[in-house]
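Chemist: Mind looking over this structure? Questions follow.
The values are calculated or read from the model by the stated rules, or taken from the named source; none is laboratory data. Given the structure is predicted, the values throughout are model-derived calculations rather than measurements. Neighbour counts run over all protein chains shown; Cβ positions are idealised from the backbone, glycine included.
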Amino acid sequence: MSATKAITGAGAMAEAMRQINPDVVAAFPITPSTQVVEDFSQFVADGKVDTEFVTVESEHSAMSACIGAAAAGGRVMTATSSAGFAYMWELLYVAASMRQPVILTLINRALSGPINIHCDQSDSMGARDSGWIQLYSENNQEAYDNLVMAPRIAEDLKVRLPVMVCQDGFIISHCVQTMKLEDDAAVRDFIGPYIPFHPLLDTDHPVSMGALDLQDYFIEHKRGQYEAMMNAKDVVKKVSDEFARKFGRTYRFFEEYRCDDAERIVVALNSVAGEIKEVIDELRSQGERVGLLKLRLFRPFPYEEVREALSRAKVVTVLDRACSFGAWGPLFAEVRAALYDLPEKPLCYDRVFGLGGRDMLVEDVLSVFAESASVLKKGRVDKVFDFLCVRGGV
């Protein structure tokens with residue numbers, strides 16, 4: 001039976017990994033993702049899973065081991081954060097280009113320097129073009145549910161790509177929330193057995209992996225990756241619909257919170273959505289037509305669906321928790337591109353917040369909506385890009 005449990009976000013991910021029971025986990029600890037692999041290693045020691053747990057000397061080695069194990073024919077998982085994720089960088093591209101359905105829990109944390117162990121999304125956003133499917137999670141329940149769905153998405157033969165499931169470091173990973181853990185047997189029945197595709201250990205049907213690929217075929221293989229990524233949209237929808245039927249919780253590419261008649265909409269990722277929803281409820285009680293579009297699927301980016309969801313808004317404020325130096329924020333760039341083909345575009349601008357874990361308080365969210373009200377009244381955006389909650393001038 002399912003159980004209601006008070007648990008941290010990292011602990012919830014470890015529980016999902018236990019229920020998935022992967023063949024191999026290779027990992028190296030880094031704050032704030034350490035609890036994921038600590039808890040899971042205890043499950044291994046207690047005999048609660050059949051997993052081969054590989055202790056490695058670095059995150060680069062962890063992803064190398066994951067790729068090798070996946071190529072051999074195993075269901076493979078890992079977890080990391082920040083600089084550890086960056087240390088995997090080269091291998092992220094290899095995993096995707098070799099079409100290995102590795103599953104990674106990414107606890108979002110700022111990248112150095114200066115040294116910082118707290119939350120922003122510079123790690124995952126830096127890897128947005130690595131070829132991994134990216135799912136984002138507002139809270140412990142959504143993170144757990146996304147991880148349960150991840151193997152089904154990654155292993156679909158129309159996709160065969162790695163998936164990272166993201167949650168905010170400390171804010172979610174170390175926050176105890178009450179959530180529902182589904183029955184072990186029900187989760188394993190939903191995921192199903194792993195069916196390897198051209199495994200290296202099938203010596204009767206030899207294949208070559210990681211071969212040199214020069215100008216003769218490289219671009220064709222990249223087009224294949226691109227097509228697989230675009231196929232992932234339909235697969236994410238299919239798997240999410242099946243999840244809803246089985247477990248009763250519904251997920252789409254994004255959540256539209258009180259957007260039906262909203263004039264002013266904020267677009268955001270992950271945990272800040274909770275504070276935004278509280279403020280929206282307060283402003284709605286005062287008659288203001290405001291809403292939130294909380295994105296769950298960032299890669300592949302659902303351009304058409306986002307365009308439709310925002311088409312009736314008059315002002316769109318995008319909140320980025322990562323900075324793309326010399327450019328607009330990564331979430332804003334995608335949202336603005338999605339809106340480009342609308343005949344009547346909403347006023348749209350970008351605000352970067354929360355870098356290095358700086359809190360976004362309710363009063364800060366109120367100021368975001370106060371600014372959008374001013375933009376609506378003036379009918380123009382005076383500053384397309386700016387930082388929130390920063391001391392001093394620029």
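Chemist: For residue 208, state whether it is among the polar types (S, T, N, Q), surrounded by 16 or more Cβ atoms within 10 Å (Cβ to Cβ) and assigned to a loop (DSSP other than H, G, I, E, B).
Modeler: On the way: among the polar types (S, T, N, Q): yes; surrounded by 16 or more Cβ atoms within 10 Å (Cβ to Cβ): no; assigned to a loop (DSSP other than H, G, I, E, B): yes.
Criteria not met by residue 208.
Chemist: I would also like to ask the following. Is there any pair linking a residue in the range 101-123 that is closer than 20 Å to residue 16 by Cβ and not assigned by TED's automatic domain parsing to the domain that holds residue 270 to one that is part of a loop (DSSP other than H, G, I, E, B) and acidic (Asp, Glu), with Cβ under 7 Å and at least six apart or on different chains, and which?
Modeler: That search, which allows pairs on different chains as well, returns 108/120.
Chemist: Also: Please find, within the range 19-51, the residue that is farthest from residue 147 (Cα to Cα) out of those that are outside any loop (DSSP other than H, G, I, E, B) and in contact (Cβ under 8 Å) with a residue 60 or more places away in the chain.
Modeler: Applying the first criterion (outside any loop (DSSP other than H, G, I, E, B)) to the range 19-51 yields 19-20, 24-27, 34-45.
In the following step, the residues that additionally are in contact (Cβ under 8 Å) with a residue 60 or more places away in the chain were identified as 19-20, 35-36.
On the way: 19: 10, 20: 9, 35: 16, 36: 12 Å.
So the residue we want is 35.
Chemist: Could you tell me how many of the residues in the range 280-306 are assigned to a helix (DSSP H, G or I) and either within 20 Å of the chain's Cα centre (by Cα) or hydrophobic (A, V, I, L, M, F, W, C) (or both)?
Modeler: Pass one, the range 280-306, residues assigned to a helix (DSSP H, G or I): 280-285, 303-306.
Narrowing the set further to residues that are either within 20 Å of the chain's Cα centre (by Cα) or hydrophobic (A, V, I, L, M, F, W, C) (or both) leaves 280, 283, 303-306.
Matching residues across the range 280-306 total 6.
Chemist: Does residue 144 satisfy the condition of being closer than 29 Å to residue 7 by Cα, of a type in the set (Phe, Trp, Tyr), touching a residue at least 40 places away in the same chain (Cβ under 8 Å) and in contact with an Asp or Glu (Cβ under 8 Å, 6 or more places away or on another chain)?
Modeler: Numbers: closer than 29 Å to residue 7 by Cα: yes; of a type in the set (Phe, Trp, Tyr): yes; touching a residue at least 40 places away in the same chain (Cβ under 8 Å): yes; in contact with an Asp or Glu (Cβ under 8 Å, 6 or more places away or on another chain): yes.
For residue 144, the condition - closer than 29 Å to residue 7 by Cα, of a type in the set (Phe, Trp, Tyr), touching a residue at least 40 places away in the same chain (Cβ under 8 Å) and in contact with an Asp or Glu (Cβ under 8 Å, 6 or more places away or on another chain) - is met.
Chemist: Are there any pairs, at least 6 apart or on different chains, whose C-beta atoms fall under 9 Å, with the first in the range 353-368 and in contact (Cβ under 8 Å) with a residue 24 or more places away in the chain and the second surrounded by fewer than 16 Cβ atoms within 10 Å (Cβ to Cβ) and not in a loop (DSSP other than H, G, I, E, B), and if so, which?
Modeler: 353/387; 355/387; 362/278; 362/282; 365/278; 366/282
Chemist: Within the range 185-201, can you find the residues that are in contact (Cβ under 8 Å) with a residue 60 or more places away in the chain and either among the aliphatic types (A, V, I, L, M) or outside the structural domain of residue 211 (by TED's automatic domain parsing) (or both)?
Modeler: 186, 187, 191, 200, 201
Chemist: List the number of the failed condition for residue 231; all other conditions in (1) assigned by TED's automatic domain parsing to the domain that holds residue 162; (2) assigned to a loop (DSSP other than H, G, I, E, B) hold.
Modeler: (2)
Chemist: Now a separate question. Looking at the range 244-261, is at least one residue assigned to a helix (DSSP H, G or I), surrounded by 14 or more Cβ atoms within 10 Å (Cβ to Cβ), under 16 Å from the mean Cα position of the chain (by Cα) and without any contact (Cβ under 8 Å) to a residue 24 or more places away in the chain?
Modeler: No; the residues of the range 244-261 include none that is assigned to a helix (DSSP H, G or I), surrounded by 14 or more Cβ atoms within 10 Å (Cβ to Cβ), under 16 Å from the mean Cα position of the chain (by Cα) and without any contact (Cβ under 8 Å) to a residue 24 or more places away in the chain.
Chemist: Tell me, yes or no, whether the range 172-180 has at least one residue that is within 14 Å of the chain's Cα centre (by Cα) and farther than 24 Å from residue 74 by Cα.
Modeler: Filtering the range 172-180 for residues within 14 Å of the chain's Cα centre (by Cα) gives 172-173.
Imposing the further condition that a residue be farther than 24 Å from residue 74 by Cα reduces the set to 172-173.
Yes - at least one qualifying residue is present in the range 172-180.
Chemist: Hey, any hits in the range 295-314 for a residue that's within 18 Å of residue 373 (Cα to Cα), touching an Asp or Glu at 6+ places or on another chain (Cβ under 7 Å) and hydrophobic (A, V, I, L, M, F, W, C)?
Modeler: Taking every residue of the range 295-314 in turn, at least one turns out to be within 18 Å of residue 373 (Cα to Cα), touching an Asp or Glu at 6+ places or on another chain (Cβ under 7 Å) and hydrophobic (A, V, I, L, M, F, W, C).
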